[in-house]
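Written below as structure tokens is the structure these notes are about.
Each reported figure results from applying straightforward, stated rules to the coordinates on display, with no laboratory input. These numbers come from a predicted model, not from an experiment. Because the Cβ atoms are built from the backbone with ideal geometry, glycine has one as well, and the counts that use them run over all protein chains shown.
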Amino acid sequence: MSKIFELYGYRLDRWNKEAEQNLSMAWCPFMNAECDGGGNRFQSAIDLKKNPELSARIPNKDTVQIGVCSLQTHYGEQPWIICPRRLLSLKNGELSNYQSHVRNQLSGFSELEKGEKYFAWSEVKIKTELTNSEDEAKWFDYTFDYVLAGVQRKRLSDVAELVGLPLAVVKRTATKNGYTLAFRDSEIWIDDFPSDPLIIIEVMTSSTSGGNKKNRSQIAMACEDAILKGAEHNAPGINYRQVWARMVSQLIVKSQAGMAWGGKTIWLVQDVLADYISKSTGLILSQYLSEQLDEVNILSFGYGDKISNDDDSIIELEKADLFSGPVTSSGNASAHEGFIDIVKIGAPPSKTRIWKSLLNKAPVGIWK
């Protein structure tokens, strides 16, 4: 039976006083903030008012989001990460000490200059109607997990022209979202408007099966029982098929969008998910092992041997394998075959769309 491996960031099988203190605040050490359940499991929130035992363990709160970071489907095997915050979180601008290796690898492969300032945005949505080369109307409707961009000084009037909005609207929006405005040379400037390089980061973690209410293996029930009973709980399994279905539906589209904007898209996955993709599809990722980014980029991380040691501290993911290649085959027999040829973008939005979306959203922090 599947078990919870990490609860609010800490190993359940190595629970200690530090983990208990962290639990009392329902704290996520990867977000440096209260756990938000991964951002998409609000329907699974735990009502502490209904359970005095739980309320005693997590005082001063009425409800908390479930803090399940990972599941171990069989004892001794590698856990499956089910919360995207476990793999990478830039959401609150508070960079985690436990994700420095992931950030360093991303910076290295992206060739981001050390010491330079980059802004990070989360959940950047673009919905716009486009026309492709055959004058067919196409919709682009996607949300990017994170966007990293450089910083440049730009006249407010130039920004207004770039994004197609009135000057007063741009000024009000920039002020609301914390951009730095300065008056010089008789003009208003935005001193930290987003600029190249542009990096899109997509975080793909595993989905869970629905679980069973009768044996209390639904995710919220599993979280409650793990808090109160430790290892004596049941947890849902991994929904392998849904994981790949979610990823493949966006893999090429978001990669092509990054290319159209002169940037790159990097997909972050766990190594066991990368292995599953290779075993369940025609895409053999080991054939795309690389040291530099290409058109499609998958960067995987894992726990390595850390699950078998006696260390009770929070595990930082280790190792990094980059799998990259072109979207489609060039026809050259000696070249890589294309990644996949099934979900191409209808028509990429103009680069103006990403600048407009970033302007309309406050940065969550600074990438260092």
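So if the hydrodynamic radius of the chain is defined as the Kirkwood radius over C-alpha pairs, what does Stokes-Einstein give as its diffusion coefficient at 4 °C and 1.567 mPa s, in µm² per second? Walk me through the numbers on the way to the answer.
Values: Rh = 22.2 Å.
D = 58 µm²/s.
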Using all alpha carbons of the stretch 167-245, what is the percent of pairwise distances in each 5 Å bin, ordered from the shortest bin to the longest?
3, 12, 12, 10, 8, 6, 5, 6, 10, 12, 8, 5, 2, 1, 0
Please compare each pair in 264/368; 279/306; 17/213; 91/171 to a cut-off of 28 Å on the Cα-Cα distance and tell me which ones are over it.
17/213
Surrounding net charge for residue 146, when Lys and Arg each add one and Asp and Glu each subtract one, Cβ distance under 13 Å
+4
Residues whose modelled amide H sits under 5 Å from the amide H of residue 365, counting only those 5 or more places away in sequence or on another chain, are 120
Volume per residue (Å³) of the convex hull spanned by the alpha carbons of the stretch 143-213 is 135
So what does log10 I(q)/I(0) come out to for the stretch 120-162 at q = 0.17, 0.25 Å⁻¹, using the Debye formula with one equal point on every Cα and no solvent?
-0.77, -0.90
I need the phi-derived Karplus couplings for the stretch 196-205: 6.51 cos²θ - 1.76 cosθ + 1.60, θ = phi - 60°, integer Hz, Gly and Pro marked x.
4, x, 10, 10, 9, 10, 10, 10, 10, 10
